[in-house]
Amino acid sequence: MDSDRTLPGVRPLAVGVDARLRERVPGYVLGLIAVPDADVVAHAPKVADRLTAAEDVLHGAELSKADVSALASIAAWRDAYRELGVNPNRYPCAAESVLRRVARGDRLPRINSLVDLCNAVSLESRLPVASCDVGGIEDELTVRLAHGAEVHLPLGAPDAPEHPEPGEVVYADARDRAHSRRWNWRQGDVVRTDLGRRRLLLTVESAHEGGRDEVELTLGRLTEALTDLGVGWDPPRILDGSLSRVELFGAPSTATRG
């Protein structure tokens, strides 16, 4: 898939949330951080320590599977999935997946500096947090209900394309490629974050009452960590009921390092 990707540049990317999805889940909040040019490395000691600490906290909490499902931020996602006809027991949101895994005593696989950072912050905030390589995405990325003809290339299996079910929530681009399945249950291969220089979009999502404040706090945690890693970032943006679309990535001079 690397042939589809471009090195970081100034090409803008519009990111939006479709009105039909907003009608079904009015409390949905999407936080965004555009990272024009990140050098993703295999190991960053501060990130590794942070992820281990977040896992240790959950190990100590001794949460059961039912306890994880009952957390306010997770329960709201389960309700949102049911509203859209998805069984959250079979297809838990990204945050519930990592929380369940760690709560039962496991540790998450170490992938690279940015993926590990997102996993650490997701465990801390109990919200879905993801890193997406958008170097190969042109013009737009919209969180919307699928019509069913979109093409999804599964993570790690891009030669086995899938089609989302009609009405399923996906992150879709202008070429009708779906870069997620069942909202944030699974990320697609095109947007996986690999090593090297990458143009990234970090996302933080919530569906519960008061989630906007928690998304804002989580975005702040991410920008502080990015600064510690020496990674530049554009000012975070939040899509909620009052704002449905933003244009990200401008001139390189807009990137902030603290």
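The values are calculated or read from the model by the stated rules, or taken from the named source; none is laboratory data. Since this is a predicted model, take the numbers as computed values, not measurements. We place every Cβ from the backbone using ideal geometry, glycine too, and count neighbours over all the protein chains shown. Heavy atoms of the whole protein, side chains included, go into the accessibility calculation; ligands, DNA and RNA do not. Shrake-Rupley method; radii C 1.70, N 1.55, O 1.52, S 1.80 Å.
Take the Cβ-Cβ distance between Ala157 and Glu23 as r, set R0 to 22 Å, and report the resulting FRET efficiency rounded to the nearest 0.05. Walk me through the numbers on the way to the answer.
Working: r = 33 Å, r/R0 = 1.51.
Given R0 = 22 Å and the Cβ-Cβ separation, E is 0.10.
Rounded to the nearest percent, how much of the accessible area of the chain (1.4 Å probe, protein heavy atoms only) is carbon and sulfur? Could you put the intermediate results ahead of the total?
Numbers: 5640 of 11190 Å².
Accessible surface attributable to carbon and sulfur in the chain totals 50 percent.
Just how large is the dipole of the chain about the Cα centre, in debye to the nearest 20, putting +1 at every Lys and Arg Cβ and -1 at every Asp and Glu Cβ?
Details: 32 positive and 40 negative charges, 53 e Å.
Taking the Cα centre of the chain as origin, the dipole is about 260 debye.
Find how much the distance from Asp176 to Glu140 grows on full extension, using 0.36 nm per residue of separation minus their present alpha carbon separation; answer in nm with one decimal. Write down the numbers at each step before the final one.
On the way: separation 36, 0.36 × 36 = 12.96 nm, distance 1.04 nm.
Between Asp176 and Glu140, full extension yields an extra 11.9 nm.
What's the extension gain from Ser242 to Val41 if we count 0.36 nm per residue and subtract their Cα-Cα distance? Kindly include the intermediate steps, with their values, before the conclusion.
Values: separation 201, 0.36 × 201 = 72.36 nm, distance 3.67 nm.
My answer for the length gained is 68.7 nm.
If all Cα-Cα distances of the chain are sorted into 10 Å bins from 0 onward, what percent lands in each bin, rounded to whole numbers?
Cα pair-distance distribution for the chain, in percent: 7, 32, 39, 20, 1.
Scan around Val169 for amide H atoms under 5 Å from its own, H built in the peptide plane at 1.01 Å from N, and keep only partners 5 or more places away or cross-chain.
Ala146, Arg182, Trp183
Per residue, how much accessible area does the chain have with a 1.4 Å probe, in Å²?
Details: 11190 Å² over 258 residues.
Result: 43 Å² of accessible area for each residue.
Grab the beta carbon distance between Asn89 and Thr227, set R0 = 25 Å, and tell me the FRET efficiency rounded to 0.05.
Working: r = 39 Å, r/R0 = 1.55.
Here the calculated transfer efficiency is 0.05.
Given R₀ = 25 Å, what would the calculated FRET efficiency be for Asp194 paired with Leu217, taking r from the Cβ atoms and rounding to 0.05? Can you show the working numbers first?
Numbers: r = 29 Å, r/R0 = 1.14.
The formula returns an efficiency of 0.30 here.
At 222 nm, what helix-only mean residue ellipticity would the chain give, in deg cm²/dmol to the nearest 500, using -39500 (n - 2.57) for each DSSP H run of four or more? Write out the running numbers ahead of the final one.
Numbers: 7 runs with 82 residues, N = 258.
Using -39500 (n - 2.57) per qualifying helix, the result is -10000 deg cm²/dmol.
Spin-label point model (7 Å from Cα, Cβ direction): what's the Arg107 to Ala53 distance in nm?
Each label point lies 7 Å from its Cα, and together they span 1.6 nm.
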